[in-house]
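**Student:** Take this structure, written in structure tokens, and hold onto it; I'll ask about it next.
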Number of protein chains: 2
Amino acid sequence: MTRVLVVDDDTALLRALAINLRARHFDVETAGDGATALRKAASTGPDLVVLDLGLPDMDGVEVVAGLRGWTSVPIIVLSARDTQSAKVDALDAGADDYMTKPFGMDELIARIRAALRRAAPEPTSPVLVTPDFTVDLSAKRVTRDGAPVRLTPTEWHVLEVLVRNLGKLVTQQQLLREVWGPSYVEETHYLRVYLAQLRRKLEPEPSRPRHLITEPGIGYRFEVERQGSGRTGA
Amino acid sequence: MTRVLVVDDDTALLRALAINLRARHFDVETAGDGATALRKAASTGPDLVVLDLGLPDMDGVEVVAGLRGWTSVPIIVLSARDTQSAKVDALDAGADDYMTKPFGMDELIARIRAALRRAAPEPTSPVLVTPDFTVDLSAKRVTRDGAPVRLTPTEWHVLEVLVRNLGKLVTQQQLLREVWGPSYVEETHYLRVYLAQLRRKLEPEPSRPRHLITEPGIGYRFEVERQGSGRTGA
DNA sequence: TGTCGGCGTCAAGGACCCGTCAAGATCCCG
DNA sequence: CGGGATCTTGACGGGTCCTTGACGCCGACA
């Protein structure tokens with residue numbers, strides 16, 4: 001489910017936005033000030049941010065800059081200010097869109113759809129190949145030594161999330177929320193069980209995993225062989 | 001040079017747009033109707049399209065659909081119509097942005113910049129590079145000499161806060177509140193321990209740190225060398 | 001020059017987390 | 001209604017990480 005972080009100090013508007021977005025089947029997180037917004041964005045990794053510029057603790061443009069320092073998540077800015085310079089500042093800081101309050105809900109939803117559509121194109125090929133096994137995301141198939149590997153639905157779901165975030169660390173909360181739902185973010189035991197099962201089915205040495213890597217206390221990471229120069233080219 | 005195709009049946013506005021865009025060093029093509037727009041888009045392959053919806057020969061939304069049939073070039077729509085449904089229709093047809101006439105030239109330019117920025121292929125995540133190690137905030141990964149560095153959750157959190165405030169002084173209270181919570185702002189000893197651990201893992205000479213700098217009595221600062229290093233932002 | 005506070009370093013204990021196995025509980029399909 | 005696969009839950013050993021204390025160094029200051 002698409003995760004949207006909504007940032008606004010107006011609790012009434014915040015609630016209205018959350019209700020409308022949830023009715024459209026978005027997974028909504030909220031924040032009432034800039035510091036909370038930056039913290040929640042870092043911890044939950046949303047797919048899109050709706051950001052009101054008028055925050056109590058810091059300038060909205062600073063929040064945009066703070067996000068842009070580490071993520072390219074789409075940002076749609078809301079503001080009561082209708083001047084050109086305000087819009088130019090926000091957009092040049094890294095915002096993707098700027099809407100002036102009051103705004104129409106349908107238009108906001110449409111702009112959210114447009115922003116997500118732009119961000120959507122996954123350049124990664126649907127099939128991932130490692131020396132030990134291959135994962136075909138579109139066909140939902142895993143092959144090892146040419147033979148298909150039998151995965152349970154939950155096992156596949158966990159693997160899928162990790163592969164979609166290839167090389168990136170996925171926090172335990174992210175995984176649990178994505179696979180089991182928001183109310184299961186505490187059940188870290190599930191992860192241990194299922195990661196162990198996946199490793200037993202996929203890793204050549206399950207006790208010394210090469211791809212399904214644990215980052216103790218944080219989460220898991222799907223590691224791809226990075227042979228040759230570890231160039232992190234721009 | 002960035003090529004922009006401007007489509008409008010109002011020749012005066014068309015000329016004004018062309019002049020302004022050329023002054024900003026864009027390479028401008030123009031079209032006065034939908035058929036010409038589609039033909040020119042196909043032949044010249046612009047990097048961005050500015051499209052007035054009010055065209056003499058066909059509906060602007062059809063032009064959007066016609067372009068989206070074969071290209072994902074960013075499209076910024078101009079229109080005199082200010083209704084929500086008009087905006088929703090255009091955006092859902094595949095437009096990237098919608099501006100209501102009359103509009104400010106500076107805002108249009110800013111939205112063009114934003115659209116081009118998004119379209120710019122930047123598959124790699126923003127990374128902080130120093131001569132000694134690299135920090136990938138998005139992937140939560142630290143690399144030194146090409147090999148990943150193992151950080152504990154707390155070590156990573158401290159480093160993350162410092163890197164997010166690149167070059168800026170972070171007070172001890174800020175760090176403690178962010179990483180350990182508001183009730184730990186007195187525990188400055190934690191900082192000494194963890195900064196030492198980070199230096200041991202990251203600095204070439206832990207006793208003479210080049211990046212994790214102490215500001216005695218105040219806090220800490222992440223320092224980057226000016227020469228040859230820097231952020232490759234989004 | 002002596003004192004004091006802040007900083008860096010090291011080490012140890014205990015809490016916490018991870019991997020593993022296995023036994024119910026539940027779901028799904030025949 | 002029955003059986004198998006799958007999911008949940010519990011227990012436990014081993015390892016990691018956080019916390020805490022002790023100590024030396026250095027600069028500020030009297």
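The values are calculated or read from the model by the stated rules, or taken from the named source; none is laboratory data. Every value quoted in this text rests on a predicted model; they were computed, and no experiment measured them. FYI the Cβ positions are ideal-geometry reconstructions off the backbone, even for glycines, and counts take in every protein chain you see.
**Student:** For region A:31-38, does any single residue satisfy the condition of being crowded, with 20+ Cβ neighbours inside 10 Å and either touching a Ser or Thr at 6+ places or on another chain (Cβ under 8 Å) or of a type in the set (Asp, Glu) (or both)?
**Tutor:** Checked against the condition, which is being crowded, with 20+ Cβ neighbours inside 10 Å and either touching a Ser or Thr at 6+ places or on another chain (Cβ under 8 Å) or of a type in the set (Asp, Glu) (or both), region A:31-38 yields no hits at all.
**Student:** While we're looking at this one, here's another question. In region B:98-140, what residues are among the polar types (S, T, N, Q) and at the interface with chain A (Cβ under 8 Å from one of its Cβ atoms)?
**Tutor:** Within region B:98-140, B:124, B:125, B:134, B:138 meet the criteria.
**Student:** Can you find even one residue in region B:216-233 that is charged (D, E, K, R) and either within 14 Å of chain A (Cβ to nearest Cβ) or within 12 Å of DNA strand D (Cβ to nearest atom) (or both)?
**Tutor:** yes
**Student:** Taking region A:145-160, which residues are within 21 Å of the chain's Cα centre (by Cα), farther than 19 Å from residue A:210 by Cβ and of a type in the set (A, V, I, L, M, F, W, C)?
**Tutor:** Matches in region A:145-160: A:156 only.
**Student:** Hey, residue A:172 hits all of (1) modelled with pLDDT under 95; (2) in contact with a strand residue (DSSP E or B) (Cβ under 6 Å, 6 or more places away or on another chain) but one; which does it fall short on?
**Tutor:** Result: residue A:172 fails condition (1) only.
**Student:** Separate question: What's the total number of residues in region B:141-162 that are crowded, with 18+ Cβ neighbours inside 10 Å and facing chain A (nearest Cβ under 8 Å)?
**Tutor:** Here the count works out to 4.
**Student:** Let me ask something additional. Can you tell me which of B:96, B:82, B:47 is surrounded by 14 or more Cβ atoms within 10 Å (Cβ to Cβ) and without any contact (Cβ under 8 Å) to a residue 60 or more places away in the chain?
**Tutor:** Going through B:96, B:82, B:47 in turn, the sole match is B:96.
**Student:** What are the pairs with Cβ atoms under 6 angstrom where one residue, in region A:12-28, is at negative phi and the other, located anywhere, is part of a loop (DSSP other than H, G, I, E, B) and not basic (Lys, Arg)? Sequence gap at least six, or different chains.
**Tutor:** Final answer for the pair search is A:14/A:8; A:26/A:2; A:27/A:1.
**Student:** Quick one: how many residues across region B:25-62 are of a type in the set (Gly, Ala, Ser), out of contact with any helix residue (DSSP H, G or I) (no Cβ under 8 Å at 6 or more places or on another chain) and over 22 Å from residue B:113 (Cβ atoms)?
**Tutor:** Result for region B:25-62: 3.
**Student:** I've got another one for you. Of everything in region B:164-184 that's surrounded by fewer than 18 Cβ atoms within 10 Å (Cβ to Cβ) and within 13 Å of DNA strand D (Cβ to nearest atom), which residue is farthest from residue B:224 (Cα to Cα)?
**Tutor:** Of everything passing the filter in region B:164-184, B:183 is farthest from residue B:224 (Cα to Cα).
**Student:** Could you tell me which numbered condition residue B:192 fails, if it satisfies all but one of (1) in contact with a Pro (Cβ under 8 Å, 6 or more places away or on another chain); (2) basic (Lys, Arg); (3) within 12 Å of DNA strand D (Cβ to nearest atom)?
**Tutor:** Of (1) in contact with a Pro (Cβ under 8 Å, 6 or more places away or on another chain); (2) basic (Lys, Arg); (3) within 12 Å of DNA strand D (Cβ to nearest atom), only one is false for residue B:192: (1).
**Student:** Here's another thing I want to ask about it. State whether the residues of region A:113-135 include one that is in contact with a helix residue (DSSP H, G or I) (Cβ under 6 Å, 6 or more places away or on another chain), closer than 30 Å to residue B:161 by Cβ and surrounded by 19 or more Cβ atoms within 10 Å (Cβ to Cβ).
**Tutor:** No - not one qualifying residue is present in region A:113-135.
**Student:** Going by what's in this entry, would residue A:90 be described as more than 21 Å from the chain's Cα centre (by Cα), more than 16 Å from DNA strand D (Cβ to nearest atom) and under 30 Å from residue A:16 (Cβ atoms)?
**Tutor:** yes
**Student:** Which one is nearest to the other protein chains (Cβ to nearest Cβ), of the residues in region A:195-206 that are within 21 Å of residue A:147 (Cβ to Cβ) and within 12 Å of DNA strand D (Cβ to nearest atom)?
**Tutor:** That would be A:198.
**Student:** Tell me whether region B:130-144 contains one or more residues that are within 12 Å of DNA strand D (Cβ to nearest atom), farther than 21 Å from residue A:219 by Cα and within 30 Å of the chain's Cα centre (by Cα).
**Tutor:** Within region B:130-144, not a single residue is within 12 Å of DNA strand D (Cβ to nearest atom), farther than 21 Å from residue A:219 by Cα and within 30 Å of the chain's Cα centre (by Cα).
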